[in-house]
1. Check every one of the helices (runs of 4 or more DSSP H) wholly within the range B:1-60 and list those with 3 or more residues that are at pLDDT 90 or above, surrounded by 11 or more Cβ atoms within 10 Å (Cβ to Cβ) and under 28 Å from the mean Cα position of the chain (by Cα).
2. Would you point out the residue of the range B:93-129, among those that are surrounded by 12 or more Cβ atoms within 10 Å (Cβ to Cβ) and over 24 Å from the mean Cα position of the chain (by Cα), that is nearest to the other protein chains (Cβ to nearest Cβ)?
3. Can you name the residue in the range A:185-211 that is touching a helix residue (DSSP H, G or I) at 6+ places or on another chain (Cβ under 8 Å), within 14 Å of another protein chain (Cβ to nearest Cβ) and among the small types (Gly, Ala, Ser) and is also surrounded by the most Cβ atoms within 10 Å (Cβ to Cβ) among such residues?
4. Restricting to the range B:130-150, count the residues that are under 19 Å from residue B:74 (Cα atoms) and either more than 13 Å from chain A (Cβ to nearest Cβ) or modelled with pLDDT of 95 or more (or both).
5. Mind listing whichever residues of the range A:163-176 are among the hydroxyl-bearing types (Ser, Thr, Tyr) and crowded, with 23+ Cβ neighbours inside 10 Å?
6. Is there any pair linking a residue in the range B:236-255 that is more than 16 Å from residue A:102 (Cβ to Cβ) to one that is among the aromatic types (Phe, Trp, Tyr), with Cβ under 9 Å and at least six apart or on different chains, and which?
7. Residue A:98 is checked against (1) touching an Asp or Glu at 6+ places or on another chain (Cβ under 7 Å); (2) within 14 Å of chain B (Cβ to nearest Cβ) and fails just one. What number does that condition carry?
8. Collect the residues in the range A:184-243 that are part of a strand (DSSP E or B) and either within 14 Å of residue A:110 (Cα to Cα) or of a type in the set (A, V, I, L, M, F, W, C) (or both), keeping them in residue-number order.
Amino acid sequence: MKVRALLGLLAGLALLLAGCGGSSGSADTGGSSAAAAPRTLTVLAAASLTETFNAMKARFETDNPGVTVRISYGGSSDLASQIVNGAPADVFAAASDATMKTVTDKNLTAAAPRIFATNVLQIATQPGNPEGIASFADLAEPDLKVVVCAPQVPCGAAEQKIETATGVTLTPASQETDVKSVLGKVSSGNADAGLVYVTDVTAAKGSVQGVTFPEAQQAVTNYPIAVVKNAPQAGLAQKWIDMVTGEFGQKTLDAAGFGAEK
Amino acid sequence: MSVTDDVPQAPQAERTRDRRHERDVALPRWMWVPAVVAFLVIALPVLGLLLEADWARMPELLTSEAALAALRLSLETAAASTVLCILLGGPLAAVLARGRMRGLRTLRSVVLLPLVLPPVVGGLALLYLVGARGLVGEALNLGFGITIPFTTAAVVIAQTFVAMPFLVVSLEGALRTAGERYEAVAATLGASPALTFRRVTVPLVLPGLMSGTVLAFARCLGEFGATITFAGNLQGTTQTLPLLVYIQRETDDAGAIALSLLLVVVAILVIAFARPRTTEGIR
């Protein structure tokens, strides 16, 4: 009786472990592309690329039958530490040079990264800009509830750079952990203004209003992309990068508000 | 002890009986295997933290202005939230355990929701309710000029939300186990409800209340998701230790690990000091 209970328990445990392990690798390879040898391209991309990379994924899968593109979106530094810790990936697209550097420092890219887009900060205000915010200096107004990114994340680092360049010091109500949280605090009406990327304002589709300010050019954020070293699908990875840097990719990025490749 | 008390027997017989009794309640041996696995599932990751820690930089990392501010804020808000949990959750547990009205089952499942909801969703829910455009938030702002998000009060509200079920569930269980016999006896002896509550009910459920309090405090201390979505992140005002750990990790793994270990030490101290005396000591 006891033995049977123990065996049952162990079998259950084994099944559980097998389930956990299997899901990461083989789950996505099946499906529609059963004809040719199905291949899966794994792309790790900064969260701000979600809309554009999803559009490119659809195109890439049409152009390359039998290929499934699996994109993992996340904070750039999260993704970088995943690669450093051995997560299987083919392409890494980061939202800052610094996060790409943590990967290149460990020699974990197949070739030198290439900048495929740029982004600049913009002020996000309530629709209609009721507070009449027109410049970066206006954000220092003590009555305004301004939300920015924490200096440890790229959007916050860019904001600090602008503060240094302009000599304007902001007293934010909160330093959020990522740019989408800043956007959310503004679009939900809890903050009067926030500093986000121009692409976030585009993606917000009218729930916030963007105010461009010239000092944003002091802190242009680069988006580097590279094939990961020992990528299981190195050929497909290069093809993906060719698409991102090619005409279709650049047009998609431009429509979302990104700056051109350098 | 109580088993043998009411059966008068020779000392020798009593001893053998005691020993046999002990052997009867011993654990089945196979149970050690999953028990050890369970312990390792919890302990090994913490060991991983210890191995990865940069001990040389530890003093400098732990005494930074941001770390001290976050530690202080964490302890203060967790204490305030725990007090709120006791003051509000205690009576709620009593109602759930002793109430006679319909719909208590539904009420209980609502109370458990914060355990199921991802904390981030809890934070969003609070933001929709108490935020600038929320039902309560708008009224507070118009009526009293109070805004909750981005304040320390928001941290306490978020922690109370996620920790309340831990206290309620522990205390309700204790109240049910204790039953109502002793209170009924006290009442027949002429004790008022207030006296019965103070002298009979509270001492009976004290272990359950204490373990619920420790669980709630520990949950408050580790709270992250609801705080970040509802309260924001600003040193000295809303940046608790878990938030600082998260943001530190963006640039400095060693710093994040040091701060996590600080959190682990605080949690162990709290549990070690509060738990044995209450839950394991009094039986």
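1. Working: elements: B:2-5, B:11-25, B:32-52.
Ranges flagged: B:32-52.
2. Top of the filtered list is B:128.
3. A:194
4. Filtering the range B:130-150 for residues under 19 Å from residue B:74 (Cα atoms) gives B:148-150.
Retained after the next criterion (residues that are either more than 13 Å from chain A (Cβ to nearest Cβ) or modelled with pLDDT of 95 or more (or both)): none.
Residues meeting the conditions: 0.
5. Within the range A:163-176, A:174 is the sole residue that qualifies.
6. Between residues of the range B:236-255 that are more than 16 Å from residue A:102 (Cβ to Cβ) and residues that are among the aromatic types (Phe, Trp, Tyr), the close pairs are B:237/B:150; B:238/B:150; B:240/B:224; B:242/B:224; B:243/B:224; B:245/B:224; B:246/B:224.
7. The single condition residue A:98 does not satisfy is (1).
8. A:193, A:195, A:196, A:211, A:224, A:225, A:226, A:227, A:228, listed by residue number.
The values are calculated or read from the model by the stated rules, or taken from the named source; none is laboratory data. The shown structure was predicted, so the numbers you read here are calculated from the model rather than taken from an experiment. Using ideal geometry, Cβ is built from the backbone for each residue, glycine included, and neighbour counts are taken over all protein chains shown.
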